[in-house]
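Undergrad: Handing you this structure, nothing more for now.
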Amino acid sequence: MEDYIYVSSDDDEWDNQQYNNDDDDDDDDDDGEFLDGFTEIEQERNGISEKGPSCKVIRKETLLAAQKEDLQRVMDLLSLKEHHARSLLIHYRWEVDKVFAVLVEKGTEKLYAEAGVTLEGKDEHTSTLSTSEVTCQICFEDVPVEKTTVMDCNHIFCNECWTTHFIVKINEGQSKQITCMAQKCNVICDEGKIRDLVTAKDPALAEKFDRFLLESYIDDNKRVKWCPSVPHCGNAIRIEDDEYCCEVECACGVQFCFNCLSEAHSPCSCLMWKLWMKKCKNDGKTVTWISENAKHCPKCHNAVEKNGGCNLVRCRCGQPFCWLCGGATGLEHTWSSIRGHTCGSYKEGEEEKTATVRNDLLRYTHYYERYMVHRDSLEAEANMKQKLNFEVLKLEAGELQSKDFGWVENGCNRLLQLRRILSCSYPVSFYVFGQALFKDEMTPKEREIKKNLFENLQQQLEINVERLSMFLEEPFADYPEDKLLETRMKIITLSVLTDNLCKELYDCIDNDLLLPLQQATHTIAHYRSEGVAKASELPN
């Protein structure tokens, strides 16, 4: 494997390497792209042009326009009215391509029937409507024809019965697809007629009905999800392609996993992250205390705290054991010994009974502590952004040849991205190489080989992330220009180097660890050098 560990014992080593090659060329225009932050380097790397998921921010004012866009496509193709197109799209969860696929595969008749859509045909009630009164088949009252309403299925009932039916359905949360009242009729009622009838009785409920129809574009659409920000920003995010397992950033700044709506957690799969969050909530705050102040009962394996001076303790399950060695004992003892028990000399295998539980705790503590260290560093380095902005202002006010300091912001953004990735890599290690999820997926030898491969990449990334953090924390705004250029080159080089390591780490997790699994399918969001995909504004 290619070794990406950056080693530098002193600053002179950097001067003797290729990072200082730009000293031979004083033309700022030639290396301008390189200086302001990784653009040229990243384009050259592997010849790969990375395109992340395309996503849009849908705000309150653009929600109607987003919905109209899909409605119009269906209306134009099938020559439908808006309420028919909406019924089709709600049934097929706003997947326009699926509507077209069903049309080609099954034809229009089947397409409409499955969605409960009936186009206006011959009116079977023409003779009935020519009379002045109609008998409603719900309340069996004779009502004037002008106080009745007929739907696309040609079923006619009085307005009072229709209105009551619609109000009940809306209050039950079924306003998106209200069907006809007639027995065995599954035709979706005309939303315009529903709106008119309900408005006459309860205008506020009619507004609620319209809101439900509008928000169905988000609630029933797998390509659109509400931003999980707290308090809620009111925005939704729409993915423009079929890459649902991805990470996006809302206009409010919240980054989240589009698949599970948790915070961005790659390279950890959604299932692993859910289990890890639950475990941290239950165990995280007490794991350190337990390891320092308690021991595990050899019978029930619960943690026991010692509250006296005697080394013979008894668990609440009734099992007495020795506090010194953790071994099960009887209750009979003197001031100096426990009857039938000695633990002054070490005996091989004595602790095997409780080793599993203790090792599980130690193993979790190992990964939890490293996870939290990088989370804490991420928080501290996020606050460092303000300091770096101040450093850039000082540099811009100075008399330096170069006035472009984009490499500072780019380096900081890369550092924050790397911290999050590193912290989320520890739950991956905890579950993939543990027994909770993948007990029989790998042989011990395969597990050891893959664990060594993964941890080697993780360690290399960790080493270089710490160095990148160290250089960004330097007071480089006070450096002379030659030393400033040297620091800039170190930051740029480390940024590109860690980017390559991240690619290898994600590839290792995706292809070497998760792809061969048989019991469950775990997918992770693809790595993007530029970070989480930022949603762009949807035009009105």
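Undergrad: Do the conditions hold for Thr62, that is, is it hydroxyl-bearing (Ser, Thr, Tyr), modelled with pLDDT of 90 or more, closer than 16 Å to Asn221 by Cβ and not in a loop (DSSP other than H, G, I, E, B)?
TA: Values: hydroxyl-bearing (Ser, Thr, Tyr): yes; modelled with pLDDT of 90 or more: yes; closer than 16 Å to Asn221 by Cβ: yes; not in a loop (DSSP other than H, G, I, E, B): yes.
In short, yes.
Undergrad: Now a separate question. Of these, Glu504, Glu448, Glu441, Glu474, which one is in a helix (DSSP H, G or I), more than 17 Å from Ser425 (Cβ to Cβ) and among the acidic types (Asp, Glu)? I'd like the intermediate steps shown before the answer.
TA: Details: Glu504 fails: more than 17 Å from Ser425 (Cβ to Cβ); Glu441 fails: in a helix (DSSP H, G or I); Glu474 fails: in a helix (DSSP H, G or I).
Among Glu504, Glu448, Glu441, Glu474, only Glu448 is in a helix (DSSP H, G or I), more than 17 Å from Ser425 (Cβ to Cβ) and among the acidic types (Asp, Glu).
Undergrad: Here are some conditions: (1) farther than 16 Å from Leu418 by Cα; (2) in contact with a Ser or Thr (Cβ under 8 Å, 6 or more places away or on another chain); (3) touching a residue at least 60 places away in the same chain (Cβ under 8 Å). Tyr506 meets all but one. Which one does it not meet?
TA: Here Tyr506 meets the rest and fails (1).
Undergrad: May I pose another question? Which condition does Leu129 not pass, out of (1) modelled with pLDDT of 90 or more; (2) more than 30 Å from Ser229 (Cβ to Cβ); (3) among the aliphatic types (A, V, I, L, M); (4) open to solvent by less than 70 Å² (accessible area, probe 1.4 Å), if it passes all the others?
TA: Only one criterion is unmet by Leu129, namely (1).
Undergrad: If the Cβ limit is 6 Å and pairs must be 6+ apart or interchain, which residue in the range 79-98 that is at negative phi pairs with which residue that is part of a loop (DSSP other than H, G, I, E, B) and surrounded by fewer than 18 Cβ atoms within 10 Å (Cβ to Cβ)?
TA: Ile90/Asp220
Undergrad: Somewhere in the range 407-430, is a residue over 26 Å from the mean Cα position of the chain (by Cα) and either at pLDDT 90 or above or small (Gly, Ala, Ser) (or both)?
TA: Kept after step one, since they are over 26 Å from the mean Cα position of the chain (by Cα), are these residues of the range 407-430: 407-408.
Filter once more, keeping what is either at pLDDT 90 or above or small (Gly, Ala, Ser) (or both): 407-408.
Taking every residue of the range 407-430 in turn, at least one turns out to be over 26 Å from the mean Cα position of the chain (by Cα) and either at pLDDT 90 or above or small (Gly, Ala, Ser) (or both).
Undergrad: Continuing with the same structure: What number of residues within the range 181-208 satisfy the criterion of being in a loop (DSSP other than H, G, I, E, B), out of contact with any Phe, Trp or Tyr (no Cβ under 9 Å at 6 or more places or on another chain) and within 21 Å of Leu119 (Cα to Cα)?
TA: Taking the range 181-208 as the starting set, the residues that turn out to be in a loop (DSSP other than H, G, I, E, B) are 181-187, 189-190, 202.
Remaining after also requiring out of contact with any Phe, Trp or Tyr (no Cβ under 9 Å at 6 or more places or on another chain): 183-187, 190, 202.
Filter again for within 21 Å of Leu119 (Cα to Cα), leaving 183-187, 190.
So the answer is 6.
Undergrad: Have a look at Leu501, Leu513, Leu497, Leu505 and point out the one that is within 29 Å of the chain's Cα centre (by Cα), more than 26 Å from Phe390 (Cα to Cα), open to solvent by 10 Å² or more (accessible area, probe 1.4 Å) and modelled with pLDDT of 90 or more.
TA: Leu497
Results for (1) of a type in the set (S, T, N, Q); (2) at pLDDT 90 or above; (3) assigned to a strand (DSSP E or B), shown as yes or no for each residue.
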residue: Ser266; (1), (2), (3): yes, yes, no
residue: Leu275; (1), (2), (3): no, yes, no
residue: Cys280; (1), (2), (3): no, no, no
residue: Thr286; (1), (2), (3): yes, no, no
residue: Asn307; (1), (2), (3): yes, no, no
residue: Leu331; (1), (2), (3): no, no, no
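The values are calculated or read from the model by the stated rules, or taken from the named source; none is laboratory data. Quick caveat, the model's predicted, so the values are computed rather than measured. Here the Cβ is made from the backbone with ideal geometry for all residues, glycine too, and neighbour counts use every protein chain on show. Side chains are part of the model used for accessible areas, which takes the heavy atoms of the whole protein and leaves out ligands, DNA and RNA. Shrake-Rupley method; radii C 1.70, N 1.55, O 1.52, S 1.80 Å.
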